[in-house]
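Participant: Let me begin by handing over the structure; questions about it come next.
None of the figures in this text is laboratory data; all of them are computed from the coordinates on show. Treat the numbers as computed from the prediction; the structure is a model and nothing was measured. Backbone-built Cβ (ideal geometry, glycine too); neighbour counts: all protein chains shown.
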Amino acid sequence: MYTTLINDDIYHERDVIMNKNIAVIRGDGIGPEIVNQALLVLNEAAALYGHSFTYTDVDMGGAAIDKWGSPLPDAELQKCLESDGVLLGAVGGEKWNKLPGEIRPEKGLLKLRAKMNVFCNSRPAKIWPQLAASSPLKPSVTQKGIDLIIVRELTGGIYFGEHKTDIESGEKYAEDNMRYTEKEIERIGRIGFETAQKRNKRLCSVEKSNVLDTSKLWKEVMHRLAAEYSDVELSDMLVDNCAMQLVKDPSQFDVIVTENMFGDILSDEASMITGSIGMIPSSSTGSSGPGLYEPIHGSAPDIAGKDIANPIGTVLSAAMMLRYGFDMSREADAIEKAVSDVLDMGYRTADIMSDKPTDKKVSCSEMGQLIIKTLRSNKP
Ligand code: IPM
Ligand code: MG
């Protein structure tokens with residue numbers, strides 16, 4: 001919706017109908033089930049607010065290995081690059097674990113992130129009051145609230161350095177190279193500061209500068225940038241201490257900015273303390289072009305095909321796509337509100353069930369339907 005000036009003092013609000021082409025990667029394991037629910041929710045949002053979404057299926061991960069012999073063939077990647085936004089379920093599974101490194105499902109995801117140049121991965125970890133009982137932390141800790149965002153560098157560092165396994169003096173060895181340039185650190189650092197500016201203006205830069213050169217450079221660049229963002233309070237924390245502080249007192253954090261691997265590890269920890277990894281969405285964006293939106297959990301092959309997975313992380317990722325990719329904050333708000341209302345009514349997928357008598361266990365598809373029904377009935 002935008003506002004048009006008609007007369008000097010009369011504003012008229014007009015709906016803007018948007019057509020968007022969404023590349024959809026269902027992926028492996030529970031991926032197809034959770035993505036299906038998110039697409040149904042998107043369809044409902046489109047119908048309610050007068051947009052039109054078209055979906056282009058993309059094969060990636062194990063599904064693409066089975067079909068094409070590659071975790072992300074170039075033709076599939078191209079569909080993503082030409083889209084307005086990419087929605088992803090999850091990739092990977094035991095079935096493909098023994099394949100050589102280059103054709104593992106995860107390689108498809110890393111190639112996608114690199115080729116889309118989505119260097120900034122935002123992972124919000126927020127405790128839903130309705131689910132506080134599912135947090136493994138003591139109530140005295142969760143009562144203080146958890147509402148933080150991890151801004152993770154996504155296209156550099158050890159994930160993208162040279163990987164090598166060889167034999168030397170009759171002994172097998174392996175090495176992974178970690179490298180960061182000042183420019184790579186600066187561009188993610190700026191997003192960290194800008195994210196903090198829109199929130200509570202506290203940025204914690206996490207590194208291991210007591211040991212690693214990449215971390216020393218990281219810290220140096222962050223402090224250089226701090227001069228340009230005087231409204232943001234910058235602090236530094238070593239990654240091992242951060243892992244500890246996240247369980248001791250997560251309420252101290254507003255925005256955390258960190259490199260690729262530290263962000264991978266800390267975001268799993270941050271999600272778990274909020275109750276369930278199944279609830280957390282993420283957005284990966286670059287300086288231009290489509291963004292990539294995915295829940296942070298994996299493909300959970302052990303529960304695949306049983307209709308018991310939690311679709312909320314994917315539904316909320318779709319909401320992030322609407323908000324940050326398509327500038328549809330009204331529609332994103334409506335989806336997030338519908339999720340919250342469904343939780344208020346006591347509906348829970350298996351992963352977020354507690355022993356409260358008001359909890360009502362539902363399947364993945366029932367959860368999707370409840371969100372859609374609520375979205376519809378909430379519409380003014
Ligand atoms: C994540 C995942 C991926 C990562 C894997 C699947 C390659 O754990 O998105 O956090 O390590 O980035
Ligand atoms: Mg991870």
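Participant: Out of Leu81, Leu110, Leu99, report the one residue that is surrounded by fewer than 19 Cβ atoms within 10 Å (Cβ to Cβ) and within 13 Å of ligand 1 (Cβ to nearest atom). Outline the logic, then answer.
Facilitator: Values: Leu81 fails: within 13 Å of ligand 1 (Cβ to nearest atom); Leu99 fails: within 13 Å of ligand 1 (Cβ to nearest atom).
Selected residue: Leu110, the only one of Leu81, Leu110, Leu99 that is surrounded by fewer than 19 Cβ atoms within 10 Å (Cβ to Cβ) and within 13 Å of ligand 1 (Cβ to nearest atom).
Participant: Name the pairs: first residue in the stretch 339-360 and touching a residue at least 40 places away in the same chain (Cβ under 8 Å), second residue assigned to a helix (DSSP H, G or I) and of a type in the set (S, T, N, Q), Cβ to Cβ under 7 Å, at least 6 apart or on different chains?
Facilitator: Correct list of pairs: Leu343/Gln130; Asp344/Gln130; Ile352/Ser134; Ser354/Ser134.
Participant: Taking the stretch 99-150 on its own, how many of its residues are assigned to a helix (DSSP H, G or I) and within 16 Å of ligand 2 (Cβ to nearest atom)? Talk me through it step by step, then tell me what you get.
Facilitator: At the first step, the residues of the stretch 99-150 found to be assigned to a helix (DSSP H, G or I) are 101-103, 105-116, 129-134, 139-142.
Still in the running and within 16 Å of ligand 2 (Cβ to nearest atom): 105-110, 112-113.
Here the count works out to 8.
Participant: Of the conditions (1) outside any helix (DSSP H, G or I); (2) within 16 Å of ligand 2 (Cβ to nearest atom); (3) closer than 30 Å to Ser354 by Cα, Leu292 fails just one. Which one is it?
Facilitator: Failing condition for Leu292: (3).
Participant: With Ser299, Ser284, Ser271 as the choices, which residue is closer than 25 Å to Ala132 by Cβ, among the small types (Gly, Ala, Ser) and within 12 Å of ligand 1 (Cβ to nearest atom)?
Facilitator: Values: Ser299 fails: closer than 25 Å to Ala132 by Cβ; Ser284 fails: closer than 25 Å to Ala132 by Cβ.
The match here is Ser271.
Participant: List the residue pairs whose Cβ atoms are under 8 Å apart, where the first residue sits in the stretch 261-279 and is closer than 18 Å to Gln143 by Cα, the second is among the aromatic types (Phe, Trp, Tyr) and away from ligand 1 (no atom under 12 Å from the Cβ), and the two are 6 or more positions apart or on different chains.
Facilitator: Within 8 Å, the pairs are Thr274/Trp128; Gly275/Trp128.
Participant: Taking Met367, is it closer than 20 Å to Val91 by Cβ, outside any loop (DSSP other than H, G, I, E, B) and in contact (Cβ under 8 Å) with a residue 24 or more places away in the chain?
Facilitator: Values: closer than 20 Å to Val91 by Cβ: no; outside any loop (DSSP other than H, G, I, E, B): yes; in contact (Cβ under 8 Å) with a residue 24 or more places away in the chain: yes.
Criteria not met by Met367.
Participant: Would you be able to say whether some residue in the stretch 189-211 is within 14 Å of ligand 2 (Cβ to nearest atom), part of a helix (DSSP H, G or I), in contact with a strand residue (DSSP E or B) (Cβ under 9 Å, 6 or more places away or on another chain) and within 25 Å of Cys80 (Cα to Cα)?
Facilitator: Scanning the stretch 189-211, I find no residue that is within 14 Å of ligand 2 (Cβ to nearest atom), part of a helix (DSSP H, G or I), in contact with a strand residue (DSSP E or B) (Cβ under 9 Å, 6 or more places away or on another chain) and within 25 Å of Cys80 (Cα to Cα), so the answer is no.
Participant: Being of a type in the set (Gly, Ala, Ser) and assigned to a loop (DSSP other than H, G, I, E, B) is the filter here, so list the residues in the stretch 151-166 that pass it. Show your work before the answer.
Facilitator: So the first thing to find is which residues in the stretch 151-166 are of a type in the set (Gly, Ala, Ser), and the list is 156-157, 161.
Correct list: Gly156, Gly161.
Participant: Run down Ile256, Ile303, Ile273 and say which single residue is surrounded by 24 or more Cβ atoms within 10 Å (Cβ to Cβ) and either over 16 Å from Ser122 (Cα atoms) or within 16 Å of ligand 2 (Cβ to nearest atom) (or both).
Facilitator: Details: Ile303 fails: surrounded by 24 or more Cβ atoms within 10 Å (Cβ to Cβ); Ile273 fails: surrounded by 24 or more Cβ atoms within 10 Å (Cβ to Cβ).
Being surrounded by 24 or more Cβ atoms within 10 Å (Cβ to Cβ) and either over 16 Å from Ser122 (Cα atoms) or within 16 Å of ligand 2 (Cβ to nearest atom) (or both) holds for just one of Ile256, Ile303, Ile273, which is Ile256.
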